[in-house]
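The values are calculated or read from the model by the stated rules, or taken from the named source; none is laboratory data. These numbers were taken from a predicted model, which means no experiment stands behind them. Neighbour counts run over all protein chains shown; Cβ positions are idealised from the backbone, glycine included. Heavy atoms of the whole protein, side chains included, go into the accessibility calculation; ligands, DNA and RNA do not. Shrake-Rupley method; radii C 1.70, N 1.55, O 1.52, S 1.80 Å.
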Amino acid sequence: MAEAANHDSHHAPHADGPSRAKVLLREPLVLNNRSFSWVTNRVAGIVENPQPWGWWWIVVPCALLAGFMAFCFTYLVSTGVGVWGPNHPVAWGWDITNFVFWIGIGHAGTLISAILYLTRQKWRTAVNRAAEAMTIFAVMCAGLFPALHVGRVWMAWFLAPVPNSNQIWQNFKSPLLWDVFAVSTYFSVSVVFWFLGLVPDLATLRDRCKPGIRKMAYGLFALGWRGGNRQWRHYEVAYMLLAGLSTPLVLSVHTVVSFDFATSIVPGWHTTIFPPYFVAGAIFGGFAMVLTLMIPVRKIYGLQDLFTMKHIDNMAKIILLTGTIVGYAYLMELFIAWYSGSLFEFDAFKWRILYGPYTWAYYCMFFCNVIAPQAFWWKKCRENLFIVMVVCMFVNAGMWYERFVIIVTTLARDFLPGAWDMYHPSWVEIWTFIGTFGMFLMLFLIFLRFLPVIAIAEIKGVLPEADPHYDPSMVKRDNVVAPPAYEGDPHEVSGQPATVTIPGAATV
Amino acid sequence: MSNPLKRVHGYLAEFSSVKEVFHAAEKVRHAGFSSWDVHTPFPIHGMDDAMGLPRSILPRFVFVGGALGLTTAFLLEFLTQVVIYPTVVQAKPANIFTIPAFFPVMFELTILFSAFTALFTCLVMMKLPRLHHPLFNSQRFGRFSDDKFFICIEARDPKFSTEKTKSFLSGLGADSVELVEDEL
């Protein structure tokens, strides 16, 4: 009723003066009117206080898994690449599947840190640090597989264009070499971007430490940062340039990864849709991994006011969008396989979805990547953290299946039926993959232990008080409407409700 | 063996809100100081204008870095593939028409060189890294990275005066004004 009455008053001004148009406030990026020092204390406190007991219970098994992976690699290098399952005709098995899976996960971090920065999506400030860390760790996991699948690891330096006694140079026309450049550039630039973003926060940690080794270590990496505006003005430009450079870079990396397949003549790989399809899939899978990591982190470390339901809502929407693009790509691939009139192409897809040995993997992929994220059309699902986590798990699994389907089902049924064979991963391969999860989680937990998981300086910059022209009385005007509150997530920090309370703006 | 003589670095004024430090910075600028800076926990929108600072020229260096990367990649690929050791694989030519196949690596090295140029040039322009700075002698200054805002007018500024600058900064609404010294 209040809505209707106000709507009427828009047409018929009150006697005591013209009515002002209603203003719907944006949802605040940081809830409960937190102050600058609250942000510092909360985020730096994660590093300074003892970790919750669960930290050790996760980090130790993860370290053991990573250690076992190191054993698997030793076994591989000392015995030969035959301890893995790939064979003719399936020469790429779990190794390249895992490589594409991990490198894809990294893409969400760069999307959040670079593309959302350029598009002025200020909500990214709560997510970007953790997402960039995730990018770096995922690319580290990814890099292991191509380095080791070459078989003779001690020859891996042949990938680098350095003068050698044979006077033979790399084949720069090969997408595999493009991949070497793309992935190594991606890793280097991601580390640079991450480090530059960390400098002001390392200074915060330095300034809070008592003199000692910790202070010296943080001080060394903080580079003597003093937050002077004569520094910030260069810093901000450098950050923006790195964002601008990372944006085409991240799109290029998975494009080049898809070239590994698309430039071949293997039916099922030789398609022009691969680059956009791979990029969308990478962002899709990466966002699912960011949510998988951050939903527990925000709960365990009490970051609900910084990493709010709005963030989860936004990211769920991106998962829905990119998942739908991926679904479109799946269907378009099928359509073109038929429409192109290429018998081999059409047959490759018939083997893939109708009567091949791996059809189950295709349907797993399709359900996880296309059907499951459709839940995010409903706000109730985006607000229910349990559902969000379940969908993200489906997406994580689905994106792995996607790469498995593309690589293994295609190779297992190539041109000549006489060459067809099945592919089974060996135990070494399986434990290597499990080991990368151990390594990934271990690195992420160590990151949580030593570095601020949320960009402190950046999130202070999006608080309303950070604007020199901020006027608190603005929100108290009677024409200001508070944004709708999110449901779910009742356990807010220090017992405060999740609803946004803006003084004076509750009733209109 | 510490030297009893100390060198005055400047006056450090502390403010507790963005608004205060912003308007104070405008006044410092109008007073005609040149060796001074505003230390804040995060970049403040519009502070460059308030301080009268021009746009950073960093992008020009990054452009040069990127161009260098592009050239490096092109020469690396063209010289090794076409000139030194013409490699014919997959029936693809080894001549000027090979260049399109070189684009991905040219792109990647452009990005790589630009990013490293951005990082290192930015550090040089920020005069970092450095292990020590006189401002770190101030106990109060440690909160610049938390929730306090500082303006420091350095003694090397020609308009600096031991008494006048202090009263000037106090008049801007600073919570405290402190003399920062450094050991010789």
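Of all residue pairs spaced 6 or more apart or on separate chains, those with beta-carbon atoms under 9 Å, a first member in segment A:459-479 that is facing chain B (nearest Cβ under 10 Å) and a second member that is part of a helix (DSSP H, G or I) and of a type in the set (G, A, S) are A:I459/A:A126; A:K460/A:A466; A:V462/A:A126; A:P468/B:A50.
The criterion of at least 1 residues that are under 17 Å from A:W94 (Cα atoms) and among the charged types (D, E, K, R) is met, among helices (runs of 4 or more DSSP H) falling completely within segment A:338-419, by A:385-404. Take the conditions (1) in contact with a strand residue (DSSP E or B) (Cβ under 6 Å, 6 or more places away or on another chain); (2) at the interface with another protein chain (Cβ under 9 Å from one of its Cβ atoms); B:V105 misses just one of them, which is (1).
Going residue by residue through segment A:159-171, is there one that turns out to be without any contact (Cβ under 8 Å) to a residue 24 or more places away in the chain, in a helix (DSSP H, G or I) and surrounded by fewer than 19 Cβ atoms within 10 Å (Cβ to Cβ)?
Yes, because at least one residue in segment A:159-171 is without any contact (Cβ under 8 Å) to a residue 24 or more places away in the chain, in a helix (DSSP H, G or I) and surrounded by fewer than 19 Cβ atoms within 10 Å (Cβ to Cβ).
Condition first: in contact with a Gly (Cβ under 9 Å, 6 or more places away or on another chain), open to solvent by less than 10 Å² (accessible area, probe 1.4 Å) and either of a type outside the set (S, T, Y) or touching a residue at least 40 places away in the same chain (Cβ under 8 Å) (or both). Can you find one or more residues in segment B:71-78 that meet it? No, segment B:71-78 contains no residue that is in contact with a Gly (Cβ under 9 Å, 6 or more places away or on another chain), open to solvent by less than 10 Å² (accessible area, probe 1.4 Å) and either of a type outside the set (S, T, Y) or touching a residue at least 40 places away in the same chain (Cβ under 8 Å) (or both). Tell me, yes or no, whether segment B:83-103 has at least one residue that is open to solvent by 20 Å² or more (accessible area, probe 1.4 Å), within 35 Å of the chain's Cα centre (by Cα) and over 29 Å from A:P200 (Cβ atoms). Within segment B:83-103, one or more residues are open to solvent by 20 Å² or more (accessible area, probe 1.4 Å), within 35 Å of the chain's Cα centre (by Cα) and over 29 Å from A:P200 (Cβ atoms). In this structure, is A:L196 within 23 Å of A:M140 (Cα to Cα), touching a residue at least 24 places away in the same chain (Cβ under 8 Å) and more than 8 Å from chain B (Cβ to nearest Cβ)? For A:L196, the condition - within 23 Å of A:M140 (Cα to Cα), touching a residue at least 24 places away in the same chain (Cβ under 8 Å) and more than 8 Å from chain B (Cβ to nearest Cβ) - is not met. Look at segment A:69-89: where a residue is over 15 Å from A:V153 (Cβ atoms) and a partner is surrounded by 16 or more Cβ atoms within 10 Å (Cβ to Cβ) and polar (S, T, N, Q), sitting 6+ places away or on another chain with Cβ atoms under 9 Å, you get A:G85/A:S426.
The condition of being more than 22 Å from B:K127 (Cβ to Cβ), more than 26 Å from the chain's Cα centre (by Cα) and either within 10 Å of chain B (Cβ to nearest Cβ) or not in a loop (DSSP other than H, G, I, E, B) (or both) holds for only one of A:R230, A:R214, A:R206, A:R226, that being A:R214. Cβ-Cβ distances below 9 Å connect no pair with a first residue in segment A:136-150 that is at positive phi, a second residue that is open to solvent by less than 40 Å² (accessible area, probe 1.4 Å) and among the polar types (S, T, N, Q), and a separation of six or more residues or different chains.
The set of residues in segment A:38-85 that are within 30 Å of A:E465 (Cα to Cα) and surrounded by 15 or more Cβ atoms within 10 Å (Cβ to Cβ) comprises A:W38, A:V39, A:T40, A:N41, A:R42, A:V43, A:A44, A:I46, A:V47. Scanning segment B:37-56 for residues that are facing another protein chain (nearest Cβ under 9 Å) and either more than 24 Å from the chain's Cα centre (by Cα) or in contact (Cβ under 8 Å) with a residue 12 or more places away in the chain (or both) yields B:D37, B:V38, B:H39, B:T40, B:P41, B:I44, B:G46, B:M47, B:A50, B:M51, B:S56.
Which of the residues belonging to segment B:80-102 are within 9 Å of chain A (Cβ to nearest Cβ), in a helix (DSSP H, G or I) and among the hydrophobic types (A, V, I, L, M, F, W, C)? Passing the criteria: B:I84, B:A101, B:F102. Reported count of residues in segment A:334-376, each being among the basic types (K, R) and open to solvent by 30 Å² or more (accessible area, probe 1.4 Å), is 1.
Scan segment B:1-15 and give yes if some residue there is surrounded by fewer than 19 Cβ atoms within 10 Å (Cβ to Cβ), facing chain A (nearest Cβ under 10 Å) and at negative phi, otherwise no. Checked segment B:1-15: no residue is surrounded by fewer than 19 Cβ atoms within 10 Å (Cβ to Cβ), facing chain A (nearest Cβ under 10 Å) and at negative phi. For segment B:119-150, a residue qualifies if it is among the aromatic types (F, W, Y) and within 7 Å of chain A (Cβ to nearest Cβ), and exactly one does: B:F144.
Among the candidates A:A126, A:A131, the residue that is in contact (Cβ under 8 Å) with a residue 60 or more places away in the chain, farther than 21 Å from B:L112 by Cα, more than 12 Å from chain B (Cβ to nearest Cβ) and open to solvent by less than 10 Å² (accessible area, probe 1.4 Å) is uniquely A:A126. Residue pairs whose Cβ atoms lie under 8 Å apart, sitting 6 or more positions apart in sequence or on different chains, and linking a residue in segment A:343-357 that is more than 19 Å from A:E402 (Cβ to Cβ) to a partner that is open to solvent by 60 Å² or more (accessible area, probe 1.4 Å) and among the aromatic types (F, W, Y), are A:F344/A:F415; A:F346/A:W338. Only one of the numbered conditions (1) at pLDDT 95 or above; (2) more than 9 Å from chain B (Cβ to nearest Cβ) is violated by A:P163, and that is (1).
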